[in-house]
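The values are calculated or read from the model by the stated rules, or taken from the named source; none is laboratory data. Small disclaimer: the values here were computed from a predicted structure and weren't measured. Backbone-built Cβ (ideal geometry, glycine too); neighbour counts: all protein chains shown. Remember, those area values only see protein heavy atoms, side chains included, never the ligands or the DNA or RNA. Shrake-Rupley method; radii C 1.70, N 1.55, O 1.52, S 1.80 Å.
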Amino acid sequence: MAVYTHVPAEAMAVFLARYDCGELVSAKGIAEGVENSNYLVDTTTGRFILTLYEKRVAAGDLPFFMALLDHLAGKGLPVPPAIKDRDGVAIQELGGRPACLIKFLPGVSLSHPTQAQAMAAGRAMAEMHRAVEDFPLTRENTMGFDHWAPLFERCGHDLDTISPGLYDDLGFQLDAVRSSWRDDLAMPRGVIHADLFPDNVLMRGDTVSGLIDFYFACTDFRAYDLAVAHSAWTFDASGSRPDWTIGDALIAGYQQVVPLQPVERAELVNLARGACIRFLLSRAWDWLNTPADALVTRKDPMAYWRRLKSYDERSDHLA
């Protein structure tokens, strides 16, 4: 979450008047994250999240995301569906951006998850994968395998301003991962979250109370979703200190609901290396292009370089 588009209180009050949600009491921009503009909104009847969708989220994809959240909520999963206004409309416009008012979910995101919490998150991901088996819509992974090389070239030698030699080093790693990427139908596919970091999982104790930020959700390998989460949950924020027991717990929790097939297990380390490249590239792009006045916390691209090197050094760990 972040704030790129600033919404005056008067405009927000007019926006909220479309809903049966009370009158505006307060609104606070949320700086965490990098994708959309988000506000924590309190009204006379409750608390909500107001999201304005910025350029990386295409307006044409919003019906997919809204339908997915409605589907998952209908299956009993703890996700935040968009709230419809009095005319039954979920997707609005505010500040020149598509916007939605979203149900607020209780819970806290974690900086240092325990094994029990990682296991609960793995179970929740697997339950989500089960729940979408009958979801009829699909969406391309616009940050997936086919998009890494073009994004790498768009970043270009500016990568060396982040860390000297990064362009050549990352290019070598990208070629290595792409040469061994298994892009066939042998592994189960379906709709995945594709961004299930600890800050996108809300916890109450050791119980998952919310899965949020589905704006990278797409159709891809289910094991890739697990690999993305593994690369996020196993490491501290700097990417320097892996705790493999946390990653093991995440996988164990997942397999309590959806056992991994042998081909998924065999490919998991390369999927995790691919996840590292994907997030290194997107963070690098944001690092190089975030407006100076945006209320947003830029994330260190090199944290994913360090993760990538850890997977290289422990390539046997996920085998």
For GLY76, work out the one condition from (1) in a strand (DSSP E or B); (2) on the phi > 0 side of the Ramachandran plot it doesn't fulfil.
(1)
Give just the number: which of (1) surrounded by fewer than 18 Cβ atoms within 10 Å (Cβ to Cβ); (2) under 23 Å from LEU250 (Cα atoms) does ASP146 not satisfy?
(2)
Restricting attention to region 215-274, and to residues there that are modelled with pLDDT of 95 or more, aliphatic (A, V, I, L, M) and surrounded by fewer than 19 Cβ atoms within 10 Å (Cβ to Cβ), which single residue is farthest from VAL177 (Cα to Cα)?
VAL257
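Within region 166-193, track down each residue that is aromatic (Phe, Trp, Tyr) and either modelled with pLDDT under 95 or closer than 16 Å to ASP312 by Cβ (or both). Explain how you work it out, then say what you get.
Residues of region 166-193 that are aromatic (Phe, Trp, Tyr), as a first pass: 167, 172, 181.
PHE172, TRP181 - these are the residues of region 166-193 that are aromatic (Phe, Trp, Tyr) and either modelled with pLDDT under 95 or closer than 16 Å to ASP312 by Cβ (or both).
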Starting from residues that are touching a residue at least 40 places away in the same chain (Cβ under 8 Å) and among the hydroxyl-bearing types (Ser, Thr, Tyr), keep the ones in region 149-175 and report whichever is farthest from GLN255 (Cα to Cα).
THR161
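From the list SER240, SER231, SER163, which residue is among the polar types (S, T, N, Q), within 24 Å of GLU313 (Cα to Cα) and over 23 Å from the mean Cα position of the chain (by Cα)? Working first, answer last.
Working: SER240 fails: over 23 Å from the mean Cα position of the chain (by Cα); SER231 fails: over 23 Å from the mean Cα position of the chain (by Cα).
The match here is SER163.
If I ask for residues that are more than 20 Å from the chain's Cα centre (by Cα) and over 25 Å from ARG47 (Cβ atoms), which ones from region 88-113 would you list?
As a first pass, look at region 88-113 and keep what is more than 20 Å from the chain's Cα centre (by Cα): 88-97.
Matches in region 88-113: GLY96 only.
Please state which one of LEU159, LEU196 is modelled with pLDDT of 95 or more, more than 23 Å from VAL258 (Cα to Cα) and of a type outside the set (Lys, Arg).
Result: LEU159 is the single residue among LEU159, LEU196 that is modelled with pLDDT of 95 or more, more than 23 Å from VAL258 (Cα to Cα) and of a type outside the set (Lys, Arg).
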In the set ARG178, ARG123, which member is open to solvent by 50 Å² or more (accessible area, probe 1.4 Å) and within 21 Å of the chain's Cα centre (by Cα)?
ARG123
I need every pair where a residue in region 247-270 that is free of Cβ contacts under 8 Å to residues at least 40 places away in the same chain has its Cβ under 8 Å from the Cβ of a residue that is buried (at least 20 other Cβ atoms within 10 Å of the Cβ) and aromatic (Phe, Trp, Tyr), sequence separation at least 6 or different chains.
LEU260/TYR254
Can you find, within region 60-86, the residue that is farthest from ASP286 (Cα to Cα) among those that are open to solvent by less than 20 Å² (accessible area, probe 1.4 Å) and among the aliphatic types (A, V, I, L, M)?
LEU72
Of VAL57, VAL41, VAL89, the only residue that is crowded, with 16+ Cβ neighbours inside 10 Å, assigned to a loop (DSSP other than H, G, I, E, B) and not hydroxyl-bearing (Ser, Thr, Tyr) is VAL57
Those residues of region 92-120 which are open to solvent by 30 Å² or more (accessible area, probe 1.4 Å) and in a loop (DSSP other than H, G, I, E, B) amount to GLY95, GLY96, PHE104, PRO106, GLY107, SER109, LEU110, SER111, HIS112, THR114
Step by step: first the residues of region 126-143, then only those that are in a loop (DSSP other than H, G, I, E, B) and over 18 Å from the mean Cα position of the chain (by Cα), then the one that is surrounded by the most Cβ atoms within 10 Å (Cβ to Cβ). Which residue is that?
PHE135
Can you confirm whether LYS299 is open to solvent by 20 Å² or more (accessible area, probe 1.4 Å) and either aromatic (Phe, Trp, Tyr) or within 16 Å of the chain's Cα centre (by Cα) (or both)?
yes
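Inspect all residues belonging to region 128-139 and state whether any of them is acidic (Asp, Glu), at pLDDT 95 or above and within 30 Å of LEU40 (Cα to Cα). Break it down stepwise before answering.
Going residue by residue through region 128-139, those that are acidic (Asp, Glu) are 133-134.
The next check asks that each one be at pLDDT 95 or above; those that pass are 133-134.
When the remaining residues are screened for being within 30 Å of LEU40 (Cα to Cα), the result is none.
Within region 128-139 (the criterion being acidic (Asp, Glu), at pLDDT 95 or above and within 30 Å of LEU40 (Cα to Cα)), the answer is no, since none of the residues qualifies.
Quick check on region 294-306. Is at least one of its residues in a helix (DSSP H, G or I), small (Gly, Ala, Ser) and either within 17 Å of GLY144 (Cα to Cα) or modelled with pLDDT of 95 or more (or both)? Break it down into steps so the answer makes sense when it comes.
If we filter region 294-306 for residues that are in a helix (DSSP H, G or I), which is where we start, we get 302-306.
Filter once more, so that each one left must be small (Gly, Ala, Ser): 303.
Right, trim to either within 17 Å of GLY144 (Cα to Cα) or modelled with pLDDT of 95 or more (or both) and you get 303.
There is at least one residue in region 294-306 that is in a helix (DSSP H, G or I), small (Gly, Ala, Ser) and either within 17 Å of GLY144 (Cα to Cα) or modelled with pLDDT of 95 or more (or both).
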